[in-house]
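The values are calculated or read from the model by the stated rules, or taken from the named source; none is laboratory data. Model, not experiment: these values are computed from the prediction. Positions of Cβ are backbone-derived with ideal geometry, glycine not excepted, and every protein chain shown enters the neighbour counts. Side chains are part of the model used for accessible areas, which takes the heavy atoms of the whole protein and leaves out ligands, DNA and RNA. Shrake-Rupley method; radii C 1.70, N 1.55, O 1.52, S 1.80 Å.
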Amino acid sequence: SSSGETHPYETLLPGTARSIISPHLFETFYSLAIYDILCPEERYKVDIERLNKDCERLVQFQKGGEAARSQMAALVAQATAAGGTEMQIRQATAFTKEHQAQLDRLRRNIDQLTKDFQRQQLRCKLVQSKLQEDREKLTASSGANS
C-alpha cells in the first residue's frame, strides 16, 4: 500500500492500541477462527471412542453367540417388560436391516470424524507454524517499520 493510504485498522483502533497492535496482527486476528489455532482433541477422542463402543456393541450383536448373550438378555427383558409377545421378543433379539444400517452409519461417522480430526490437527499445526514465522511482523514496533 502507498504511504498516502490509511489502513482500515487505523480508523478502528485508538492511537494507543495502534502503538501496540501491528496491522499484520490486526489482520491475522480477524482472519483466523478459534478452530484454526485450537483443536479440541479431547472432544474428538471422546466422540470417536463413544462411536467405536456403539459400533463394537452392534458387531457383537451381529455375531451372536457368547459375545452377544448379555445384550440379548437385556433386549429380551426389555421386550418382556414392555408386554411383548413371543414373536416380538424374538424380533427384538434378531440383527435386522435397521441394525445393519445403524452399524454402517456408525462406521461412516467414525471415518468422517477421524478424518476431520486429522485435518484439523494439521490445520492447527500449519497455522501455529505460520504464526511462529510471522512472529516479528505481529508486533507493532516491527510492524511500523514495514
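Which residues, taken from segment 7-40, are of a type in the set (D, E, K, R) and surrounded by 16 or more Cβ atoms within 10 Å (Cβ to Cβ)? Lay out the reasoning, then the answer.
First, the residues of segment 7-40 that are of a type in the set (D, E, K, R): 10, 18, 27, 36.
Once the filter is applied, which keeps residues that are of a type in the set (D, E, K, R) and surrounded by 16 or more Cβ atoms within 10 Å (Cβ to Cβ), segment 7-40 yields Arg18, Asp36.
Within segment 23-39, which residues are in contact (Cβ under 8 Å) with a residue 24 or more places away in the chain and either under 30 Å from Ile110 (Cβ atoms) or in contact with a Phe, Trp or Tyr (Cβ under 6 Å, 6 or more places away or on another chain) (or both)? Break it down into steps so the answer makes sense when it comes.
Step one: of segment 23-39, the residues in contact (Cβ under 8 Å) with a residue 24 or more places away in the chain are 23-25, 28, 32, 35-39.
Hits for segment 23-39 are Pro23, Leu32, Tyr35, Asp36, Ile37, Leu38, Cys39.
Test each condition in (1) surrounded by 12 or more Cβ atoms within 10 Å (Cβ to Cβ); (2) free of Cβ contacts under 8 Å to residues at least 12 places away in the same chain for Arg57 and report the one that comes out false.
Here Arg57 meets the rest and fails (2).
Could you say which residue among Thr96, Thr114 is out of contact with any strand residue (DSSP E or B) (no Cβ under 9 Å at 6 or more places or on another chain), of a type in the set (Ser, Thr, Tyr) and surrounded by fewer than 13 Cβ atoms within 10 Å (Cβ to Cβ)?
Working: Thr114 fails: surrounded by fewer than 13 Cβ atoms within 10 Å (Cβ to Cβ).
Answer to the check: Thr96.
Scan segment 79-97 and report the pairs whose first residue is touching a residue at least 24 places away in the same chain (Cβ under 8 Å) and whose second residue is open to solvent by 80 Å² or more (accessible area, probe 1.4 Å) and in a helix (DSSP H, G or I), with Cβ atoms within less than 6 Å and a gap of 6+ or a chain change.
Phe95/Gln62
One line per residue, one yes/no per condition, for (1) under 30 Å from Ser31 (Cα atoms); (2) among the basic types (Lys, Arg):
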residue: Phe95; (1), (2): no, no
residue: Arg105; (1), (2): no, yes
residue: Leu126; (1), (2): yes, no
residue: Glu136; (1), (2): yes, no
